[in-house]
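Just below is one structure, and these are the notes that go with it.
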Protein chains: 2
Amino acid sequence: MDNNKDKTVSDLGEFGLIEHLTKDFKITHKNIIKGIGDDAAVVENQDECMLITTDLLVEGIHFDLIYTPLKHLGYKSVIVNLSDLYAMNCTPSGITVSIAISNKFSLKALEELYSGIKLACEIYDVDLIGGDTSSSVTGLLISITAVGHAKKEDIVYRNGAKQNDLICVSGDLGAAYLGLQLLEREKEIFLSDNQIQPELENFEYILERQLKPEARKDIIKILSENNIKPTSMIDISDGLSSEILHICKKSDKGCKIFEEKIPVHPQSWQIAEKFNISAITAALNGGEDYELLFTVPLSQNEIIAKIPSISIIGHICDKSHGANLILRDGSEVPLIAQGWNAVKK
Amino acid sequence: MDNNKDKTVSDLGEFGLIEHLTKDFKITHKNIIKGIGDDAAVVENQDECMLITTDLLVEGIHFDLIYTPLKHLGYKSVIVNLSDLYAMNCTPSGITVSIAISNKFSLKALEELYSGIKLACEIYDVDLIGGDTSSSVTGLLISITAVGHAKKEDIVYRNGAKQNDLICVSGDLGAAYLGLQLLEREKEIFLSDNQIQPELENFEYILERQLKPEARKDIIKILSENNIKPTSMIDISDGLSSEILHICKKSDKGCKIFEEKIPVHPQSWQIAEKFNISAITAALNGGEDYELLFTVPLSQNEIIAKIPSISIIGHICDKSHGANLILRDGSEVPLIAQGWNAVKK
């Protein structure tokens, strides 16, 4: 019996939709060792594996050209894909870039977009290897696929978290979402009175987190230098809650995350207070941080604790305990994935 | 000096635009043996190579949902990518599918789309290995990336055509374009008076060529069984003229194509006459045939001539002779790529 028979796209949400639409597809090629359901697909070829991931960015859904410089957009489009590969502990080597453009775009605008793509390629050492160019009826659409290589034994999946493993996160969370709120607010003010200049000073960090994020190539390197292979890993594109729940579900485990341990940047606290938003909610559900969330055995506590850009925020526990957030007062609340609600709008 | 400084997107056209935007990108990874500029990118990994290609299909540009059944659309979206891989003499193994949908799409509609994707996966023996799902502001967008494997020495590029090589094409040409004209005409009639039923009988072949094309997996198999490795190959997505010019340009050669040798289906002749269109023009510039265009040494004439689904339509000559079409009366006209003019509209 299909329980989704009478459901709508909105009822299912992004993950439910993908699961529903792809449930009857089987993997038949034995060299495809991971299909749908992780940050990237894994295709085995002798000792080496090739990893493939893809992301779609749509104008009006993922970005607003009123406040997104095209160069930044090009850069970010590459980053979101590379981040998925790093989350598999893999080194990216190439990308394909497909764009659909409406006739409002000038050649100069596209050159700007590609200058950002090029910058990301240079900084992350990946090659542009293909793509497609098309017209669109409205707006800009960017579809990027990234490929990378890894030895089979080095690949980290979402499903390897073990009981008592430490849950770690790189950098800080929530800033990209708060940067977006700031840009949205300034856009509204600007649209109502275009004499008023936007107040963006002192918030460079959170704006950059939204407009020009980085992928954590450095973390992969640090972990490798310290001989740490995470037991599970995912990148944070949909908020901490959603991502830790993916790890718990795939690993068949529960978790405890401590509110006080969640890393939040001072500018994030500041703007959250100003906007009367909870900075922790932004970290849990905001998304677009492109930080790495991973688990390591408890035995590696000391090594991890010494790495400045990594925070230990909780631990993995038995599935029966559920996935919970421990608040500052000691009370527990279940973690809930907000995920992608764009279709609901 | 940049000669494109004052040019617009329309001035450049699709191929010029890609060339312009990507001219400063360099391939730095030595395992990437082919980047932009063929049907697929080639990444070397020991003896095996992985090939990657990607295509974008946009509602209102590449398809019209008034007359395109979603199942057919799903099927065709896969086929256009597989066709690129066959054109490299490569066996496809996996695809990623990203879609952006507006809220006009029901779950049932998406299930239809995916049923077509699934059918193509089954028939062509490829696995769905990943993807992304997103909202769109308007309409449907499908971005598919296909990957396949080939031994390095088996891969066929666009650039290997030699003087006196025979130019061969599979199947017949122009039918997909003529099928589209028929659908467009019936749509207009229907929109002006929806009591009139469309007259589509007797034109099943050309309609199927437009709505549910196949990729020529069979041709790759036949060539291999006959120990023929083409010297160059490309799939016909933009019309014969555009594709043979790609081969000539990449191989630094000229060509002669004989009008009387171009394979055209009886239904194509029939509908072309009815619509007062030249069937040969449809074959030269129509596109979406997804047939294979390839060159083989003259010495393989006899073997090729015996294969029923392959036509020899001309030969490769020195670059100085240009790329020409020899008409039935013996006169020569230069071949011109019409290619992609969608942005110009």
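The values are calculated or read from the model by the stated rules, or taken from the named source; none is laboratory data. Since the model is a prediction, treat every value here as computed from it, not as a measurement. A quick note on method: Cβ atoms are made from the backbone with ideal geometry, for glycine too, and the neighbour counts reach across all protein chains shown. The protein model used for the area step is the full one, side chains on, heavy atoms only, and it has no ligands, DNA or RNA in it. Shrake-Rupley method; radii C 1.70, N 1.55, O 1.52, S 1.80 Å.
Yes/no per residue for (1) open to solvent by 20 Å² or more (accessible area, probe 1.4 Å); (2) assigned by TED's automatic domain parsing to the domain that holds A:PRO266:
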site: A:VAL137; (1), (2): yes, no
site: A:SER143; (1), (2): no, no
site: A:VAL147; (1), (2): no, no
site: A:ALA150; (1), (2): no, no
site: A:ALA161; (1), (2): no, no
site: A:LEU178; (1), (2): no, yes
site: A:GLU184; (1), (2): yes, yes
site: A:ASP193; (1), (2): yes, yes
site: A:ILE196; (1), (2): yes, yes
Quickly run through the stretch B:45-59 and pick out the residues that are surrounded by fewer than 21 Cβ atoms within 10 Å (Cβ to Cβ) and facing chain A (nearest Cβ under 7 Å). B:ASN45, B:GLN46, B:GLU48
Is it true that some residue in the stretch B:123-135 is of a type in the set (A, V, I, L, M, F, W, C) and either in a helix (DSSP H, G or I) or within 21 Å of B:ILE222 (Cβ to Cβ) (or both)? yes
Go through the stretch A:198-208 and count every residue that is open to solvent by 90 Å² or more (accessible area, probe 1.4 Å) and at pLDDT 90 or above. 2
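Of the residues that sit in the stretch A:111-154 and are among the β-branched types (Val, Ile, Thr) and in contact with a Gly (Cβ under 7 Å, 6 or more places away or on another chain), which one is nearest to A:HIS72 (Cα to Cα)?
Among residues in the stretch A:111-154 that are among the β-branched types (Val, Ile, Thr) and in contact with a Gly (Cβ under 7 Å, 6 or more places away or on another chain), the one nearest to A:HIS72 (Cα to Cα) is A:ILE117.
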Checking the condition open to solvent by 60 Å² or more (accessible area, probe 1.4 Å), at pLDDT 95 or above and not assigned by TED's automatic domain parsing to the domain that holds A:ASP84, which residue from A:GLU332, A:GLU291 passes? A:GLU332
How many residues does the stretch B:319-329 hold that are open to solvent by less than 50 Å² (accessible area, probe 1.4 Å) and outside any loop (DSSP other than H, G, I, E, B)? 4
The stretch A:30-44 - residue that is part of a loop (DSSP other than H, G, I, E, B) and in contact with a helix residue (DSSP H, G or I) (Cβ under 9 Å, 6 or more places away or on another chain) and, of those, most open to solvent (accessible area, probe 1.4 Å): A:ILE36
Complete set of residues in the stretch A:61-85 that are open to solvent by less than 10 Å² (accessible area, probe 1.4 Å) and out of contact with any Pro (no Cβ under 7 Å at 6 or more places or on another chain): A:LEU73, A:GLY74, A:TYR75, A:SER77, A:VAL78, A:VAL80, A:ASN81, A:SER83
Confirm whether B:GLY139 is in contact with a strand residue (DSSP E or B) (Cβ under 7 Å, 6 or more places away or on another chain) and either of a type in the set (A, V, I, L, M, F, W, C) or modelled with pLDDT of 95 or more (or both). no
Taking A:LEU173, is it away from chain B (no Cβ under 14 Å), in contact with a Gly (Cβ under 9 Å, 6 or more places away or on another chain), open to solvent by less than 30 Å² (accessible area, probe 1.4 Å) and more than 16 Å from A:ILE236 (Cα to Cα)? no
Residues in the stretch B:254-288 that are open to solvent by 40 Å² or more (accessible area, probe 1.4 Å) and touching a Cys at 6+ places or on another chain (Cβ under 7 Å): how many? 1
Filtering the stretch A:158-204 down to residues that are among the hydroxyl-bearing types (Ser, Thr, Tyr) and touching a helix residue (DSSP H, G or I) at 6+ places or on another chain (Cβ under 8 Å), which residue is nearest to A:THR281 (Cα to Cα)? A:TYR177
With the structure loaded, tell me whether A:SER115 is modelled with pLDDT under 95, within 10 Å of another protein chain (Cβ to nearest Cβ), open to solvent by 10 Å² or more (accessible area, probe 1.4 Å) and over 30 Å from A:ILE33 (Cα atoms) or whether it fails that test. no
Can you spot a residue in the stretch A:295-308 that is of a type in the set (Asp, Glu) and surrounded by fewer than 21 Cβ atoms within 10 Å (Cβ to Cβ)? yes
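Among the candidates A:ILE222, A:ILE247, which residue alone is of a type in the set (Val, Ile, Thr) and out of contact with any strand residue (DSSP E or B) (no Cβ under 6 Å at 6 or more places or on another chain)? Step through it out loud before you land on a result.
Details: A:ILE247 fails: out of contact with any strand residue (DSSP E or B) (no Cβ under 6 Å at 6 or more places or on another chain).
Sole residue among the options that is of a type in the set (Val, Ile, Thr) and out of contact with any strand residue (DSSP E or B) (no Cβ under 6 Å at 6 or more places or on another chain): A:ILE222.
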Elements of type strands (runs of 3 or more DSSP E) contained in the stretch A:194-307, each with 1 or more residues being among the basic types (Lys, Arg): A:254-258
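Residue-wise test of (1) assigned to a loop (DSSP other than H, G, I, E, B); (2) away from chain A (no Cβ under 14 Å).
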residue: B:GLY139; (1), (2): yes, no
residue: B:HIS149; (1), (2): no, no
residue: B:ARG158; (1), (2): yes, no
residue: B:ASN164; (1), (2): yes, yes
residue: B:GLY179; (1), (2): no, yes
residue: B:GLU186; (1), (2): no, yes
